[in-house]
Amino acid sequence: MNNALYSFSQPCNEPVLGYLPGSPERAALEAELERQSSLQPEIPLIIGGRPVRTGRLGKVTMPCDHGHLLATVHRAGATEVRQAIDAALAAREDWLNLSYHERGAIFLKAAELISKRYRALLNAATMLGQGKNAFQAEIDAACEVIDYLRFNVHFASRIYADQPLMGSDSINRMEYRPLEGFVFAVTPFNFTAIALNLNLAPVLMGNVTIWKPASTAVLSSYYLMKVLQEAGLPDGVINFLPASGAELTETVLDDPNLAGIHFTGSNGVFNALWRGVANRLDRYRSYPRLVGETGGKDFVFAHASADIAALSTGILRGAFEYQGQKCSAASRAYIPRSLWPEVRQRLVEGIQSMKMGDVRDLDCFVNAVIDRKSFESIQGYVEKAKASPDAKILAGGEGDASTGYFFRPTLIEALDPRFVTMEEEIFGPVMTVYVYEDERFEETLHLCDRTSPYALTGAVFAQDRYAFVQACRTLRYAAGNFYLNDKPTGAMVGLQPFGGARGSGTNDKAGSGLNLLRWVSPRTVKETLLPATDWRYPYMTR
Ligand SMILES: NC(=O)c1ccc[n+]([C@@H]2O[C@H](COP(=O)([O-])OP(=O)(O)OC[C@H]3O[C@@H](n4cnc5c(N)ncnc54)[C@H](O)[C@@H]3O)[C@@H](O)[C@H]2O)c1
Ligand SMILES: N[C@@H](CCC=O)C(=O)O
């Protein structure tokens, strides 16, 4: 029996490597891209630690070249979902009884493996499978993945150390029990790090998960799962189940042991999951915890005092990095008329000079969007702008899906601040600008606040401190992550805990201890040292 108290100290964020020509990381990445381009693995389910092959095969292709087969993937049906739930529940007792420093050690090892041994593997899989360029893959599949692993272990230490006061006649303690049952982790295509964290956060706190990865991110998800196994994750703690969401969900939601859902994706799917739980409420042992981060209609708001170079760069990067496929991507901007001519010129020039193409050409800033459905949805919004007298296309506006799903970064000027592309999430490289009269700053802040049902991220560009304070106040509920003089994307684990409210989700702040707290059900234990032996109050005379 070891009576030492362990705690994991605060880590540093993983440095972003530069991939300069001639650097070792670039050579390793290029070699790995070439290797994975012709590998075509057959991806199994992983249930109870073992590969399971169903024979119901799906294809994994490249967004940049949809005729290029990267892998095939076995897909789960109801039978495998049941097996996975059984495997998770069987693994649960041993896992929850493992002390948190033992659990933490597994994830710190995974971080080391990814930092030193599997960085190129995960980056290349994310580039080829999810259509990210080298920089976008590095900040996600390497740095953010590693940060989630290391920081969450540290945050867990702080949670476990937070204990109630001791009374003079009692010993009090808080046991941070995992939830009673299993957690369903449903992960999006756009961030390898989110796929990890939706499993990691519950599992680190002693839970077990059923993981449904996005079909368009299954390659990087599979490699992540393999790294976690290599780091020592016991069998059955995470069960990897590629499948159709709708098919798998019915079986999962029907199970009385469903203790929580950790979701990131669109509002429609989260709402359907929530309703599915609500409709079955009587069958569950506990109220399932529903944690979901969903869509955004993220804004850039410029005051007349803004630095034009910083503002234009913030819009170009915030809107078009990873083809705008970040929940945090800037997709509407409010620009004062006095700044507009110069900002417009910089945006149009920037867009025209962005190289678009295959992820294996490291000079491409823009790559393909994730799939045909997404391509067509983006095209639909742009067609609306082309057809409307309330909008003008200033740059881009064209796509070509013949080889890959390529859509040019597009700049729209909306004459109506309620034009559809100012309000709805597009999830593609489309930025709509509304130009306001300088003296209508405050009025336009209110407009920004009321224009969209979402409230995820937003950025204000201003050098006038009074203007910034006013924007902060008026836009208090318009964004869960609020930036001053920076793009509204690129939150870092530990530094900018992430999540939004209103239509953007439950705001449980991934990348902080707040999220971990959703995966525990604390038990307070009081031990009385000298228990009372007389039921009467002391002042009673009989
Ligand atoms: N707020 C955030 O932190 C955040 C982060 C990333 C992405 N997002 C949002 O995610 C969306 C884009 O990601 P996406 O296209 O992967 O989202 P999506 O909702 O289409 O899919 C998310 C996951 O849900 C699964 N799914 C689909 N239908 C299902 C069903 N009926 N039951 C269970 N699972 C089902 C998908 O297969 C996938 O694994 C955008 O709206 C974006 O804003 C939000
Ligand atoms: N955390 C990421 C966004 C995740 C959503 O897609 C960012 O801050 O850009």
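Regarding segment 198-205, can at least one residue be identified that is within 14 Å of the chain's Cα centre (by Cα), polar (S, T, N, Q), buried (at least 24 other Cβ atoms within 10 Å of the Cβ) and within 11 Å of ligand 1 (Cβ to nearest atom)? So that I can check it myself, show each step before the final result.
Step one: list which residues in segment 198-205 are within 14 Å of the chain's Cα centre (by Cα), which gives 198-201.
Narrowing further to those that are polar (S, T, N, Q): 199.
Filter once more, so that each one left must be buried (at least 24 other Cβ atoms within 10 Å of the Cβ): 199.
Remaining after also requiring within 11 Å of ligand 1 (Cβ to nearest atom): none.
Scanning segment 198-205 turns up no residue that is within 14 Å of the chain's Cα centre (by Cα), polar (S, T, N, Q), buried (at least 24 other Cβ atoms within 10 Å of the Cβ) and within 11 Å of ligand 1 (Cβ to nearest atom).
Looking only at residues that are more than 23 Å from SER99 (Cα to Cα) and among the small types (Gly, Ala, Ser) in segment 186-205, which one is farthest from ligand 2 (Cβ to nearest atom)? Working first, answer last.
As a first pass, look at segment 186-205 and keep what is more than 23 Å from SER99 (Cα to Cα): 186-195.
Next, only the ones that are among the small types (Gly, Ala, Ser) stay: 193, 195.
Details: ALA193: 8, ALA195: 11 Å.
If we take residues in segment 186-205 being more than 23 Å from SER99 (Cα to Cα) and among the small types (Gly, Ala, Ser), then ALA195 is farthest from ligand 2 (Cβ to nearest atom).
Is it the case that some residue within segment 261-274 is at positive phi and touching a residue at least 40 places away in the same chain (Cβ under 8 Å)?
Just the residues of segment 261-274 that are at positive phi, to begin with: 265.
From what is left, the residues that are touching a residue at least 40 places away in the same chain (Cβ under 8 Å) are 265.
Looking for residues that are at positive phi and touching a residue at least 40 places away in the same chain (Cβ under 8 Å), one finds at least one in segment 261-274, hence yes.
Report yes if some residue within segment 461-468 is closer than 19 Å to ALA329 by Cα and either hydroxyl-bearing (Ser, Thr, Tyr) or crowded, with 24+ Cβ neighbours inside 10 Å (or both); otherwise report no. I'd like the intermediate steps shown before the answer.
Here is the first cut: in segment 461-468, the ones closer than 19 Å to ALA329 by Cα are 461.
Of the ones still in play, those that are also either hydroxyl-bearing (Ser, Thr, Tyr) or crowded, with 24+ Cβ neighbours inside 10 Å (or both) are 461.
There is at least one residue in segment 461-468 that is closer than 19 Å to ALA329 by Cα and either hydroxyl-bearing (Ser, Thr, Tyr) or crowded, with 24+ Cβ neighbours inside 10 Å (or both).
Of the residues that make up segment 344-366, is at least one among the aromatic types (Phe, Trp, Tyr), away from ligand 2 (no atom under 14 Å from the Cβ) and over 18 Å from ARG502 (Cα atoms)?
Of all residues in segment 344-366, those among the aromatic types (Phe, Trp, Tyr) come to 365.
In the following step, the residues that additionally are away from ligand 2 (no atom under 14 Å from the Cβ) were identified as 365.
Add one more test, that the residue is over 18 Å from ARG502 (Cα atoms), and what stays is 365.
Taking every residue of segment 344-366 in turn, at least one turns out to be among the aromatic types (Phe, Trp, Tyr), away from ligand 2 (no atom under 14 Å from the Cβ) and over 18 Å from ARG502 (Cα atoms).
Conditions tested, residue by residue: (1) surrounded by 16 or more Cβ atoms within 10 Å (Cβ to Cβ); (2) within 16 Å of ligand 2 (Cβ to nearest atom).
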{"site": "GLY232", "(1), (2)": "no, no"}
{"site": "GLY260", "(1), (2)": "yes, no"}
{"site": "ASN267", "(1), (2)": "yes, yes"}
{"site": "ARG275", "(1), (2)": "no, no"}
{"site": "ARG289", "(1), (2)": "yes, no"}
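Confirm whether VAL359 is at pLDDT 95 or above, of a type in the set (Val, Ile, Thr) and farther than 26 Å from PHE189 by Cβ. Break it down stepwise before answering.
Numbers: at pLDDT 95 or above: yes; of a type in the set (Val, Ile, Thr): yes; farther than 26 Å from PHE189 by Cβ: no.
Considered against the rule, which asks whether it is at pLDDT 95 or above, of a type in the set (Val, Ile, Thr) and farther than 26 Å from PHE189 by Cβ, VAL359 comes out as no.
Only residues that are among the hydrophobic types (A, V, I, L, M, F, W, C) and within 19 Å of the chain's Cα centre (by Cα): list them for segment 273-314, please.
Correct list: LEU273, TRP274, LEU290, VAL291, PHE299.
Would you please list the contacts, defined by Cβ atoms under 9 Å and residues six or more apart or on different chains, that run from a residue in segment 428-439 that is in the same structural domain as SER374 (by TED's automatic domain parsing) to a residue that is among the basic types (Lys, Arg) and not in a loop (DSSP other than H, G, I, E, B)?
MET431/ARG332; THR432/ARG332; VAL433/ARG332; VAL433/ARG344; TYR434/ARG332; VAL435/ARG344
Against the condition among the charged types (D, E, K, R) and either buried (at least 16 other Cβ atoms within 10 Å of the Cβ) or assigned to a strand (DSSP E or B) (or both), how does ASP449 come out, does it pass? Write out each step before concluding.
Numbers: among the charged types (D, E, K, R): yes; either buried (at least 16 other Cβ atoms within 10 Å of the Cβ) or assigned to a strand (DSSP E or B) (or both): yes.
It is true that ASP449 is among the charged types (D, E, K, R) and either buried (at least 16 other Cβ atoms within 10 Å of the Cβ) or assigned to a strand (DSSP E or B) (or both).
Would you point out the residue of segment 206-223, among those that are within 16 Å of ligand 2 (Cβ to nearest atom), in contact with a helix residue (DSSP H, G or I) (Cβ under 7 Å, 6 or more places away or on another chain) and of a type outside the set (Ser, Thr, Tyr), that is farthest from VAL186 (Cα to Cα)?
Taking the candidates together, the pick is ALA217.
Looking at segment 300-314, can you tell me whether even one residue there is closer than 24 Å to VAL420 by Cβ, in contact with a Lys or Arg (Cβ under 8 Å, 6 or more places away or on another chain) and among the small types (Gly, Ala, Ser)? It would help to see each step written out before you state the result.
Residues of segment 300-314 that are closer than 24 Å to VAL420 by Cβ, as a first pass: 300-302, 314.
Of the ones still in play, those that are also in contact with a Lys or Arg (Cβ under 8 Å, 6 or more places away or on another chain) are 300, 314.
Next cut, among the small types (Gly, Ala, Ser) only: 314.
Checked against the condition, which is being closer than 24 Å to VAL420 by Cβ, in contact with a Lys or Arg (Cβ under 8 Å, 6 or more places away or on another chain) and among the small types (Gly, Ala, Ser), segment 300-314 yields at least one hit.
Give the residues of segment 503-528 that are crowded, with 17+ Cβ neighbours inside 10 Å, out of contact with any Asp or Glu (no Cβ under 7 Å at 6 or more places or on another chain) and not small (Gly, Ala, Ser), sorted by residue number.
Hits for segment 503-528 are THR506, ASN507, ASP508, LYS509, LEU516, LEU517, TRP519, VAL520.
Going by the conditions given, is VAL343 within 28 Å of GLU32 (Cβ to Cβ) and either assigned to a loop (DSSP other than H, G, I, E, B) or touching a helix residue (DSSP H, G or I) at 6+ places or on another chain (Cβ under 9 Å) (or both)?
Judged against the criteria, VAL343 is not a match.
Any residue that is in contact (Cβ under 8 Å) with a residue 12 or more places away in the chain, assigned to a loop (DSSP other than H, G, I, E, B) and farther than 30 Å from HIS262 by Cβ - is there at least one of those in segment 484-492? Break it down into steps so the answer makes sense when it comes.
Initially, segment 484-492 is screened for residues in contact (Cβ under 8 Å) with a residue 12 or more places away in the chain, giving 484-492.
Keeping just the survivors that are assigned to a loop (DSSP other than H, G, I, E, B) gives 485-492.
Narrowing the set further to residues that are farther than 30 Å from HIS262 by Cβ leaves 485.
Taking every residue of segment 484-492 in turn, at least one turns out to be in contact (Cβ under 8 Å) with a residue 12 or more places away in the chain, assigned to a loop (DSSP other than H, G, I, E, B) and farther than 30 Å from HIS262 by Cβ.
Considering only residues of segment 322-356 that are of a type in the set (D, E, K, R) and under 21 Å from the mean Cα position of the chain (by Cα), which is farthest from ligand 1 (Cβ to nearest atom)?
Keep residues of segment 322-356 that are of a type in the set (D, E, K, R), which gives 326, 332, 337, 342, 344, 346, 349, 355.
Filter again for under 21 Å from the mean Cα position of the chain (by Cα), leaving 326, 332.
On the way: LYS326: 7, ARG332: 14 Å.
Top of the filtered list is ARG332.
Return a yes/no flag: does segment 149-162 have any residue that is within 16 Å of ligand 1 (Cβ to nearest atom), without any contact (Cβ under 8 Å) to a residue 60 or more places away in the chain and either aromatic (Phe, Trp, Tyr) or in contact with a Phe, Trp or Tyr (Cβ under 9 Å, 6 or more places away or on another chain) (or both).
no
If I filter segment 295-311 for residues that are within 16 Å of ligand 2 (Cβ to nearest atom), at pLDDT 95 or above, touching a strand residue (DSSP E or B) at 6+ places or on another chain (Cβ under 9 Å) and farther than 30 Å from TYR477 by Cα, do I get at least one hit? Talk me through it step by step, then tell me what you get.
Filtering segment 295-311 for residues within 16 Å of ligand 2 (Cβ to nearest atom) gives 295-300.
With the extra rule that they be at pLDDT 95 or above, the set shrinks to 295-300.
Among the residues that remain, those that are also touching a strand residue (DSSP E or B) at 6+ places or on another chain (Cβ under 9 Å) are: 295-300.
Restricting the remaining residues to those that are farther than 30 Å from TYR477 by Cα gives none.
Checked segment 295-311: no residue is within 16 Å of ligand 2 (Cβ to nearest atom), at pLDDT 95 or above, touching a strand residue (DSSP E or B) at 6+ places or on another chain (Cβ under 9 Å) and farther than 30 Å from TYR477 by Cα.
The values are calculated or read from the model by the stated rules, or taken from the named source; none is laboratory data. Keep in mind that this is a model prediction, so the values were computed, not measured. Glycine also receives a Cβ, built like all others from the backbone with ideal geometry; neighbour counts cover every protein chain displayed.
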